[in-house]
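These notes concern the structure reproduced below.
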């Protein structure tokens, strides 16, 4: 019996020693990946895009309309924009029951970080497309908002207490100026 417990003790001791070495190497590799992603984050954050975009890493759906998806994206998680990862699962017939877990990339579980790296080039391309589409929409809505603002300002200018409001007169002049230059 004592030889059996000695071999068990030696086995456990060796395993813990090896695990300590492997853990140190794992943490070093994870930190290196984190630094690379932080550099990507810094560039994207400096662009101030503010346009959430997601790309599927893996996913599936079945004949019962159940689905799951793992995605990499650029989004606001909590109060911070950055490269992010998320998992989704649900059923298309019950969208209110969808389950979603999202993390900033470096806070996500390691297994999904490993999967997500390869899709970052696709994410960058999708960000370009999404930013271009959003710019077009903003420009279209800006014209609409300017027309609304002009109509409201002109209507307000006809009201006796606001006729002499200098700020209102400047606002009307600013709204008219771009229209005159077109």
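The table that follows gives values for the structure above.
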item	result
Some residue of segment 118-131 being over 22 Å from residue 45 (Cα atoms), out of contact with any helix residue (DSSP H, G or I) (no Cβ under 8 Å at 6 or more places or on another chain) and modelled with pLDDT of 95 or more	no
Residue within segment 45-55 that is within 17 Å of residue 112 (Cβ to Cβ) and surrounded by 13 or more Cβ atoms within 10 Å (Cβ to Cβ) present	yes
Test result for residue 38, outside any loop (DSSP other than H, G, I, E, B), modelled with pLDDT under 95 and over 19 Å from residue 125 (Cβ atoms)	no
For residue 71: the one exception among (1) surrounded by fewer than 17 Cβ atoms within 10 Å (Cβ to Cβ); (2) at pLDDT 95 or above	(1)
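The values are calculated or read from the model by the stated rules, or taken from the named source; none is laboratory data. Remember, predicted model here, so these are calculated numbers, not experimental data. Neighbour counts run over all protein chains shown; Cβ positions are idealised from the backbone, glycine included.
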